[in-house]
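Reviewing the structure listed below.
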Amino acid sequence: MASYHIETYGCTSNRGESRQIEQALREGGHYPADGPAEADVAILNSCTVVEKTERNMLRRAEELQEQTADLIVTGCMALAQGEEFDEAGIDAQILHWDEVPEAVLNGECPTVAPDTQPILEGEIGILPIARGCMSNCSYCITKFATGRVDSPPVEENVEKARALVHAGAKEIRITGQDTAVYGWDDGDRKLPELLDRICTEIDGEFRVRVGMANPGGIHGIHEELADVFARHDKLYNFIHAPVQSGSDDVLEEMRRQHRVEKFREVVAAFDDRLDYWTLSTDFIVGFPTETDADHEASMELLREIRPEKVNVTRFSKRPGTDADEMKGLGGTLKKERSKEMSAVKREIVGEVHENMVGTTQDVLVVEEGTGDSVKCRDGAYRQIIVQHADEYDLSPGDFATVEVTDHQTMYAFGKPIST
Ligand code: SF4
């Protein structure tokens with residue numbers, strides 16, 4: 001859990017992006033700080049309308065950099081002219097809006113609400129299925145607040161999901177610190193059973209997105225879980241399994257419950273069963289014990305697995321954790337490694353979206369976008385933007401079939417061919 005400070009410049013749409021970032025941060029257990037000097041991380045949501053604004057953005061980024069441990073720059077200027085921050089000597093992570101919440105997580109799992117009650121926001125239903133995890137990662141502060149996994153019965157979660165669908169949810173987001181260990185406190189991991197029952201027992205047209213599931217928790221149920229995904233169209237073909245490092249030595253120091261080979265086996269099980277799916281994974285760059293060879297092992301794993309979505313986080317210490325006691329790496333080294341990995345990530349993720357162009361995808365409209373666009377998710381939870389949504393009479397909660405016409409690094413553009 002981290003304290004954050006967020007500053008937003010520019011238009012209404014940019015302010016909307018900041019609202020969504022803050023919402024995701026609060027869902028993840030983070031909390032606002034009393035100004036940048038008090039924050040673990042500062043977020044500058046930038047604008048780039050005129051040259052004067054750009055100069056102001058650079059100046060403000062410099063000021064924030066001096067006041068906070070970690071700076072993230074997102075928004076229009078970051079996306080269009082990210083190199084200018086670098087050229088001005090600003091040590092910031094330059095990220096797309098959607099990448100910010102994961103970067104603030106610093107490799108830790110999200111914190112779910114204390115009472116694990118479902119929440120309905122528009123057409124999106126958030127269903128925390130359990131609280132806590134079965135791990136003890138050496139860099140994690142979340143664990144202090146959440147403890148060991150505590151899982152309500154499957155029946156109870158199915159009923160909560162049913163209530164969300166009856167209340168109008170079209171997308172159910174299954175969340176938890178580690179969704180893969182749901183039920184382990186009761187002797188058995190029950191995520192496959194829960195997903196199977198939600199998809200078979202609840203009537204209606206809706207989609208289910210499964211939140212963070214650690215590779216160590218998935219391994220052992222990976223084949224059964226992949227079978228459930230293959231069986232049900234209601235499940236987005238998407239898993240978020242943070243590997244964090246391509247080096248077993250670093251994973252051991254992190255006290256992660258998996259090793260690289262287990263992660264490969266999890267990925268292979270999904271590759272065997274699903275033609276079109278999204279692997280989302282995270283890498284922590286610059287963990288205190290990470291050598292050049294360890295970093296190279298992470299780079300090799302990234303190039304080998306080519307995940308469709310990647311979060312790269314520069315390691316930063318959280319007070320009271322065991323990793324806080326370790327001698328850290330220098331900021332310049334962490335920055336270089338992070339830049340190297342982010343460049344390969346952009347190439348891989350850009351290629352993923354380029355390959356989508358010309359395909360036809362069934363999508364769910366999940367939220368309003370900028371102007372009169374809408375954001376949609378296809379069957380593999382990849383984002384497709386449809387512009388001129390009014391013309392097609394599309395709004396959140398609608399299902400449509402689109403042809404993918406264009407792309408950017410992080411998402412694709414589509415045109416409806418039937419609604
Ligand atoms: S799995 Fe690790 S990072 Fe996630 S909450 Fe548990 S101890 Fe923290």
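The values are calculated or read from the model by the stated rules, or taken from the named source; none is laboratory data. From a predicted model like this one, the values you see are computed outputs, not experimental measurements. When we count neighbours, we look across all protein chains shown, and the Cβ atoms used for this are built from the backbone with ideal geometry, even at glycine. SASA here: full protein model, heavy atoms, side chains in, ligands and nucleic acids out. Shrake-Rupley method; radii C 1.70, N 1.55, O 1.52, S 1.80 Å.
For Thr175, indicate whether it is under 17 Å from Val208 (Cβ atoms), among the polar types (S, T, N, Q), within 13 Å of the ligand (Cβ to nearest atom) and assigned by TED's automatic domain parsing to the domain that holds Thr321.
On the way: under 17 Å from Val208 (Cβ atoms): yes; among the polar types (S, T, N, Q): yes; within 13 Å of the ligand (Cβ to nearest atom): yes; assigned by TED's automatic domain parsing to the domain that holds Thr321: yes.
Yes, satisfied.
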Which one is nearest to the ligand (Cβ to nearest atom), of the residues in the range 203-215 that are within 18 Å of Leu364 (Cα to Cα) and aliphatic (A, V, I, L, M)? Val210
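Only residues that are part of a helix (DSSP H, G or I) and either touching a residue at least 40 places away in the same chain (Cβ under 8 Å) or open to solvent by less than 60 Å² (accessible area, probe 1.4 Å) (or both): list them for the range 152-176, please. Outline the logic, then answer.
Our first condition is that a residue be part of a helix (DSSP H, G or I); within the range 152-176, this holds for 154-166.
If the condition is that a residue be part of a helix (DSSP H, G or I) and either touching a residue at least 40 places away in the same chain (Cβ under 8 Å) or open to solvent by less than 60 Å² (accessible area, probe 1.4 Å) (or both), then Val154, Asn157, Val158, Lys160, Ala161, Arg162, Ala163, Leu164, Val165 are the ones that fit.
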Residues in the range 394-415: is at least one surrounded by fewer than 19 Cβ atoms within 10 Å (Cβ to Cβ), under 30 Å from Ser247 (Cβ atoms) and in contact (Cβ under 8 Å) with a residue 24 or more places away in the chain? yes
Consider only pairs whose beta carbons are under 6 Å apart and that are at least six residues apart or on different chains; among these, list those whose first residue lies in the range 265-283 and is farther than 13 Å from Glu224 by Cα and whose second residue is of a type in the set (Phe, Trp, Tyr). Trp277/Phe270; Thr278/Phe238; Thr278/Tyr381
Enumeration of residues in the range 361-371 that are touching a Gly at 6+ places or on another chain (Cβ under 9 Å) and open to solvent by 60 Å² or more (accessible area, probe 1.4 Å): Asp362, Glu368, Thr370
Which residues, counting only those in the range 268-279, are surrounded by fewer than 22 Cβ atoms within 10 Å (Cβ to Cβ), part of a helix (DSSP H, G or I) and of a type in the set (A, V, I, L, M, F, W, C)? Ala268, Ala269
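Within the group Pro114, Pro110, which residue is at pLDDT below 85, surrounded by fewer than 18 Cβ atoms within 10 Å (Cβ to Cβ) and within 15 Å of the ligand (Cβ to nearest atom)?
Numbers: Pro110 fails: surrounded by fewer than 18 Cβ atoms within 10 Å (Cβ to Cβ).
Being at pLDDT below 85, surrounded by fewer than 18 Cβ atoms within 10 Å (Cβ to Cβ) and within 15 Å of the ligand (Cβ to nearest atom) holds for just one of Pro114, Pro110, which is Pro114.
Being more than 18 Å from Thr291 (Cβ to Cβ) and assigned to a loop (DSSP other than H, G, I, E, B) is the filter here, so list the residues in the range 256-267 that pass it. Spell out how you get there, then give the answer.
In the first step, residues of the range 256-267 are kept if they are more than 18 Å from Thr291 (Cβ to Cβ); the result is 257-258, 261-267.
Matches in the range 256-267: Gln257, His258.
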Quick check on my filter: what residues within the range 274-305 are farther than 20 Å from Glu252 by Cβ and among the hydroxyl-bearing types (Ser, Thr, Tyr)? Tyr276, Thr278, Ser280
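Can you tell me which residues in the range 251-264 are free of Cβ contacts under 8 Å to residues at least 24 places away in the same chain and within 16 Å of the ligand (Cβ to nearest atom)? Full working, then the answer.
Step one: filter the range 251-264 for residues free of Cβ contacts under 8 Å to residues at least 24 places away in the same chain, giving 251-252, 259, 261.
Leu251, Glu252, Arg259 - these are the residues of the range 251-264 that are free of Cβ contacts under 8 Å to residues at least 24 places away in the same chain and within 16 Å of the ligand (Cβ to nearest atom).
Restrict the check to the range 119-129 and report whether at least one residue is within 15 Å of the ligand (Cβ to nearest atom) and crowded, with 20+ Cβ neighbours inside 10 Å. Full working, then the answer.
Let us first name the residues in the range 119-129 that are within 15 Å of the ligand (Cβ to nearest atom), namely 128-129.
Okay, now just the ones that are also crowded, with 20+ Cβ neighbours inside 10 Å, so 128-129.
The answer is yes, given that some residue of the range 119-129 is within 15 Å of the ligand (Cβ to nearest atom) and crowded, with 20+ Cβ neighbours inside 10 Å.
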Sole exception among (1) under 16 Å from Gln93 (Cβ atoms); (2) touching a residue at least 40 places away in the same chain (Cβ under 8 Å) for Gly28, by number: (1)
Give me a count of the residues in the range 372-387 that are open to solvent by 50 Å² or more (accessible area, probe 1.4 Å) and touching a Lys or Arg at 6+ places or on another chain (Cβ under 9 Å). 1
Scan the range 140-150 residue by residue and report those that are part of a loop (DSSP other than H, G, I, E, B) and near the ligand (Cβ under 7 Å from one of its atoms). Cys140
Among (1) among the hydrophobic types (A, V, I, L, M, F, W, C); (2) closer than 25 Å to Val165 by Cα; (3) under 21 Å from the mean Cα position of the chain (by Cα), which single condition is Ala230 missing? (3)
